[in-house]
Amino acid sequence: MKNRFLSIAGAVALGLILLLSLFTVRQTEQVIITQFGRPIGDPITEPGLHFKLPFVQQVNLIDKRYLAWDGPMVEMSTKDKTYIQVDTFARWRITDPMQYFLRLRDERSAQSRLEDILGSETRTAVARHELIEVVRTDKLRKPLQDESTALLAGVGALGVLRPIQHGRTEIEKNIFEAAAPKLAEFGIELLDIRIKRLNYNPEVLERIYQRMISERLQIAQRFRSEGEGEAARIHGNKDRDINEIESTAYKRVQEIRGEADAKATEIYAGAYNQNSQSADFYRFTKSMDTYRKIIGGEATVVLSTNSDLFSLLKRIEPKGR
Amino acid sequence: MSSPNPWSQHMPSAKPWPIGSILLVLFALSGLFTAYYTIPAESTGVLLRFGRHLHNVPAGLHFKLPFGIDEVIKVPTERQLKLEFGIKRTAESITNPDQLGADPLKERSMVTGDLNAALVEWVVQYRITEPEIYLFEVRDPGLTLRDLSESVMREIIGDRTVDEIITIGRQEIEDTNLTRLRELANRYHLGVMVNQVQLKNVDPPVPVQPSFNEVNRAQQDRENAINLANGEYNKAVPRARGEADQAIRGAEGYRFKRINEASGDVAAFNAVLTEYLKAPEVTRTRIYLETLGEVLPGAKQSIVVDESVQQILPMLPLPSSLTGAAK
């Protein structure tokens, strides 16, 4: 009975010791074993089941993944003395866990070191450049234009991208190149640092709004004035076209009528002027026609007995025949 | 000392159940319960043994080693996941973690390449394509994608004018953003595929919006003024053209009339002339007399005066005294 109890107790104790000396390293972790606070052996980077001495050795978990550093929104000045708020972020990784463990021990102190180094490098880089260099990236880019934005191009600096020498990517690269070696001393590899947000200081923003409003009102006035100008031009066109049309028509009408009269005159003259007899006959018949037209109504006709019609009133023989 | 535990009451009566066997059965049962798992259709399982990644398992019922030796993480690989930026939303409409940012107002406020300000709202759609990379390479991959998307969007907006972003540049911004974000997601080992970047509301800052509307109104006013002027032009000019044509047609009619009449007159004259030439004296006399015969009765008065009378005019104002001489 006592034997059995002992064997059970022995088995339990053995199991316990086994459990305490076994530990798992997860896929995302690496481990440094310390003995009374002193690191023992190489860091364990292989995930899986591992052994240690129970009680005396301790497992220190260190993350293997890319970790975040999210910088606070910091107000800083650019080279052209504009105050802007800059929010940066970085991704980093512990590539030398031993170095990291010795110098920083945990992630909290790592974050504060990152804050020191990245924050100050960002400030330095931003202060060395003008605002537009931080805002823009691609120095070759030309803005797209359509009819409506092309109209803006004439108004102040609207529709125009301010020129740059370096651009944001280059500034980010400067920060990266300055910070990476400093972080390497802590066993940290910097993957990337980027500007997440960038905003005007609220006081500057007010002025920016004022400028935007005045620019827009300028455009509005320009549109209205263009409209009125174009309308006036169309009115002018209307007057010109109408005058042109009417006078051209008048000219044509006069030409046609003149031509018609000339032609008629020519026809008449041609017929009446064939010879002296025809001219004579024409004068005679036309006189007769004319009498028909003018005598009548209120007219009083005084005829002499000397006329051909009444000559017979005085003598039988026609006079002078 | 009655314990509420039914096992302690059972044990004394059930002698053939020694403590060892009961523990064994419990052990076996708990092993059985932790030895199977199901992966839902929209997910992929990532199997870990002692924390080490073994392989991925597709959807369905599967078995594993019990007692926490094997661990399975389910990753929704078929689900379309969404990140929203600058959009205010209530908690109910959230479909996946990381969908909303901490401060939408700050997310949407941006500086443009002509140093103006703009408010940009957008949505990123993505899917987890490599679950083991998604799980093991980066801590908080969703947040990392958020940071990247914000950074890329500002980079792009920073290279464009405010008018470009608000009007014509939208499609181009979405395309550029998608390309760059895909590139970065790869470089950052996120294990995700970005499917879409969609711009939502893109506006000028609130205090500036009325002046942008004013520009639109002015543009409409301009079109309106031009349209009205064109209307007046179109009302007057075609009509003037028609009237001009009318006048010309009238003149052409006059020409026909004049020429035809002349030709007719001439034809008549020539016909009569031919006959006249055969007997001029008689014809002449006949026409003369006929004409006077027609004409004189139409006159109010006809006075025949002897050829020796020289002064007839003084008598004319007294027609009543001359009635005897009237015809």
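The values are calculated or read from the model by the stated rules, or taken from the named source; none is laboratory data. Computed from a prediction, not measured in an experiment: that's the story for all the values here. Don't worry about glycine lacking a Cβ; one is built from the backbone with ideal geometry, like all the others, and counts go over all protein chains shown. We work out accessible area using only protein heavy atoms, side chains counted, and drop any ligands, DNA or RNA first. Shrake-Rupley method; radii C 1.70, N 1.55, O 1.52, S 1.80 Å.
Just a few scattered comments:
- Residue among A:GLY48, A:GLY71 that alone is surrounded by 11 or more Cβ atoms within 10 Å (Cβ to Cβ), within 14 Å of another protein chain (Cβ to nearest Cβ) and within 52 Å of the chain's Cα centre (by Cα): A:GLY71
- Cβ-Cβ contacts under 6 Å between residues 6 or more apart (or on different chains), taken from a first residue in the stretch B:171-184 that is without any contact (Cβ under 8 Å) to a residue 12 or more places away in the chain to a second residue that is not in a helix (DSSP H, G or I), are absent.
- For the stretch B:191-216, filtered to residues that are within 7 Å of chain A (Cβ to nearest Cβ) and part of a helix (DSSP H, G or I), the residue that is surrounded by the most Cβ atoms within 10 Å (Cβ to Cβ) is B:VAL208.
- From B:LEU61, B:LEU47, B:LEU100, residue being farther than 18 Å from A:THR28 by Cβ and not in a loop (DSSP other than H, G, I, E, B): B:LEU61
- Pick from the stretch B:122-137, criterion open to solvent by 30 Å² or more (accessible area, probe 1.4 Å) and in a helix (DSSP H, G or I), ranking: farthest from B:LYS74 (Cα to Cα): B:ILE133
- Single condition B:LYS106 does not satisfy, out of (1) of a type outside the set (Ser, Thr, Tyr); (2) open to solvent by 10 Å² or more (accessible area, probe 1.4 Å); (3) part of a strand (DSSP E or B): (3)
- Residue list for the stretch A:77-86, restricted to those being touching a residue at least 12 places away in the same chain (Cβ under 8 Å) and open to solvent by 10 Å² or more (accessible area, probe 1.4 Å): A:SER77, A:LYS79, A:ASP80, A:THR82, A:TYR83, A:GLN85
- In summary, A:PRO202 fulfils each of the numbered conditions (1) facing chain B (nearest Cβ under 8 Å); (2) open to solvent by 30 Å² or more (accessible area, probe 1.4 Å); (3) within 27 Å of B:MET110 (Cα to Cα); (4) not small (Gly, Ala, Ser) with the single exception of condition (1).
- When residues of the stretch B:41-55 are limited to those that are open to solvent by 60 Å² or more (accessible area, probe 1.4 Å) and of a type outside the set (A, V, I, L, M, F, W, C), the one nearest to A:PRO47 (Cα to Cα): B:ARG52
- Members of the stretch B:148-183 that are at pLDDT 90 or above, surrounded by fewer than 21 Cβ atoms within 10 Å (Cβ to Cβ) and within 7 Å of chain A (Cβ to nearest Cβ): B:GLU172
- When the stretch A:38-63 is filtered for residues that are among the charged types (D, E, K, R) and under 18 Å from A:LEU19 (Cβ atoms), only A:LYS52 remains.
- Scan of the stretch A:25-52 for residues that are at positive phi and touching a Ser or Thr at 6+ places or on another chain (Cβ under 9 Å), ordered by number: A:GLY48
- Candidate set from the stretch A:222-242 (those that are at the interface with another protein chain (Cβ under 7 Å from one of its Cβ atoms) and either open to solvent by 50 Å² or more (accessible area, probe 1.4 Å) or hydroxyl-bearing (Ser, Thr, Tyr) (or both)); member that is farthest from B:ARG241 (Cα to Cα): A:ARG224
- Within the stretch B:93-145, restricting attention to residues that are in contact (Cβ under 8 Å) with a residue 12 or more places away in the chain and of a type in the set (Ser, Thr, Tyr), the residue that is farthest from the other protein chains (Cβ to nearest Cβ) is B:THR95.
- Qualifying residue in the stretch A:172-184 (condition: out of contact with any strand residue (DSSP E or B) (no Cβ under 8 Å at 6 or more places or on another chain) and closer than 17 Å to A:LYS79 by Cα): yes
- In this entry, A:TYR209 is excluded by the filter for residues that are under 30 Å from A:MET73 (Cα atoms), among the hydroxyl-bearing types (Ser, Thr, Tyr) and open to solvent by less than 20 Å² (accessible area, probe 1.4 Å).
- Flag if A:ILE219 is facing another protein chain (nearest Cβ under 7 Å) and in contact (Cβ under 8 Å) with a residue 40 or more places away in the chain: yes
- Qualifying residue in the stretch B:264-283 (condition: open to solvent by 50 Å² or more (accessible area, probe 1.4 Å), more than 8 Å from chain A (Cβ to nearest Cβ), assigned to a helix (DSSP H, G or I) and among the β-branched types (Val, Ile, Thr)): yes
- Counted residues, the stretch B:68-89 - those being outside any strand (DSSP E or B), farther than 17 Å from A:ARG26 by Cβ and without any contact (Cβ under 8 Å) to a residue 60 or more places away in the chain: 6
- Out of A:VAL12, A:VAL74, one residue alone is among the aliphatic types (A, V, I, L, M) and out of contact with any Ser or Thr (no Cβ under 8 Å at 6 or more places or on another chain). It is A:VAL12.
- When A:SER214, A:SER225 are screened for being among the hydroxyl-bearing types (Ser, Thr, Tyr), under 30 Å from B:GLU150 (Cα atoms) and out of contact with any Leu (no Cβ under 9 Å at 6 or more places or on another chain), only A:SER214 passes.
- Residues of the stretch A:171-197 classified as over 20 Å from B:ARG146 (Cα atoms) and open to solvent by 20 Å² or more (accessible area, probe 1.4 Å), total: 12
- Residue in the stretch A:261-289 that is modelled with the highest pLDDT, counting only those that are open to solvent by 60 Å² or more (accessible area, probe 1.4 Å) and of a type in the set (Ser, Thr, Tyr): A:THR265
- Meets criteria (open to solvent by less than 10 Å² (accessible area, probe 1.4 Å), in a helix (DSSP H, G or I) and out of contact with any Gly (no Cβ under 8 Å at 6 or more places or on another chain)) for B:ASN186: no
- Residues of the stretch B:3-32 classified as open to solvent by 80 Å² or more (accessible area, probe 1.4 Å) and modelled with pLDDT under 80, total: 10
- Residues of the stretch A:28-41 classified as open to solvent by 30 Å² or more (accessible area, probe 1.4 Å) and in contact with a helix residue (DSSP H, G or I) (Cβ under 8 Å, 6 or more places away or on another chain), total: 1
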